[in-house]
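A short write-up of the structure that comes next.
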Amino acid sequence: MKNRPDYGEKLLLITIDGPAGAGKTTVSKILAERLGYKYIDTGALYRGVAYEAQKAGVVSDDDIGLEKLCGTLDFEFVMDEKGLRLFSNGADITGEIRTPDISMLASAVSARPVVRECLFAIQKELGNEKGAVFEGRDMGTVVFPEAEVKFYLDASAKTRAERRHKEFAGKKGSPAAAEIERDIKLRDANDSNRSLAPLKPAEDAVIVDSTGLDIETVVNRMLSHVKKRVS
Ligand code: DC
């Protein structure tokens, strides 16, 4: 773990929830880096389930098939010079889980209680060691209600679609901005309206709206909240 001269020796659990494209990944990575913490992208786990389900021919409402699949999962995060990578049963699936198809499927499987239950246990285990930034949808509300610092990062749907469009730009088969905005709204509706662990801010979360803010400003705002908790 790196030096954290400004943030003392106390290690915290920090959660960052919010809708797709709000900037959670970028901000979480920087925050973890500045604090010398580990960074865990829990959306990648839901994407990993979606990827494995697709590969095994299990559809998103087949709870029995999903339950069986969950029993075979073996995920591992590896952080190296290429960034955070997800391995499933020893294979690097980091690139495969980032397609628009897998995004939609991940949102669908994430509404199934059997999937949430299995990933809950995996996430709890990853959180045993403090000094971590967990990014997701229900980190502060369900998985780590005990977290010392909780953020809810939001932005307008238009801003979020524009950011995703920039991320995809130049890649083969990249969708149009309007298509991305439609997908984002659909995913938000799925994620916010499901009965189990819906996307919403924890009561004690600090809400940050990143519309019109640059990354540095968002990170600095968050760091000032972290500082209050360690001093
Ligand atoms: O953050 P992401 O877009 O990679 O997440 C993919 C999907 O997984 C998202 O549509 C909602 C779901 N998800 C969830 O339900 N709970 C989490 N903690 C993280 C992601």
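Every number in this text was worked out from the coordinates using simple rules, so none of it is lab data. Treat the numbers as computed from the prediction; the structure is a model and nothing was measured. Heads up, the Cβs are rebuilt from the backbone with ideal geometry, glycines too, and the neighbour counts pull from every protein chain shown.
Let me have the 222 nm mean residue ellipticity of the chain computed from DSSP H runs of 4+ only, each contributing -39500 (n - 2.57), with the sum over all residues rounded to the nearest 500.
Helices in the chain give a 222 nm mean residue ellipticity of -14500 deg cm²/dmol.
What distance in nm lies between label points placed 7 Å from Cα along the C-beta direction at GLU125 and ALA56?
My value for the distance between the label points is 1.6 nm.
Helix 113-126: angle to the longest alpha-carbon principal axis of the chain, degrees 0 to 90, nearest 10?
The angle comes out at about 40 degrees.
What is the dipole size for the chain, taken about its Cα centre, with +1 at each Lys and Arg Cβ and -1 at each Asp and Glu Cβ, in debye to the nearest 20?
560 debye
How much length would be gained if the chain were fully extended between ILE215 and GLU148, taking 0.36 nm per residue of separation minus their Cα-Cα distance, in nm to one decimal? The partial results should precede the final answer.
Details: separation 67, 0.36 × 67 = 24.12 nm, distance 2.24 nm.
Here the answer is 21.9 nm.
Which residue, chosen from CYS70, ALA106, ALA32, occupies the Cα position most advanced towards the positive end of the dipole of segment 13-155, where the dipole is computed from +1 (Lys, Arg) and -1 (Asp, Glu) charges on Cβ about the Cα centre?
My answer, from the dipole projection, is ALA32.
Order the peptides 11-23, 66-78 from the highest to the lowest mean number of other Cβ atoms within 10 Å of their residues.
Result, highest mean first: 11-23, 66-78.
From the phi angles alone, apply the Karplus equation (6.51, -1.76, 1.60; θ = phi - 60°) to segment 160-167 and give each ³J(HN,Hα) in whole Hz, x where the residue is Gly or Pro.
5, 5, 4, 5, 4, 4, 5, 4
Measure nothing fancy, just the Cα-based angle from helix 215-230's long axis to the longest principal axis of the chain, in degrees from 0 to 90, nearest 10.
With rounding to tens, the tilt is 60 degrees.
Where does segment 1-67 land on Rg/Rh, using Cα atoms and the Kirkwood Rh? If you can, show how the numbers build up before the last one.
Values: Rg = 16.9 Å, Rh = 14.6 Å.
A ratio of 1.16.
Normalized C-alpha radius of gyration of the chain, against 2.2 N^0.38 Å?
0.98
Of ALA205, VAL219, ALA177, which is farthest towards the positive pole of segment 177-231's charge dipole, taken about the Cα centre with +1 and -1 on the beta-carbons of Lys, Arg and Asp, Glu respectively?
Checking the options against the dipole of segment 177-231, the answer is ALA205.
On a 0 to 90 degree scale, rounded to 10, what angle separates helix 42-56 from the longest Cα axis of the chain?
Value to nearest ten degrees: 10.
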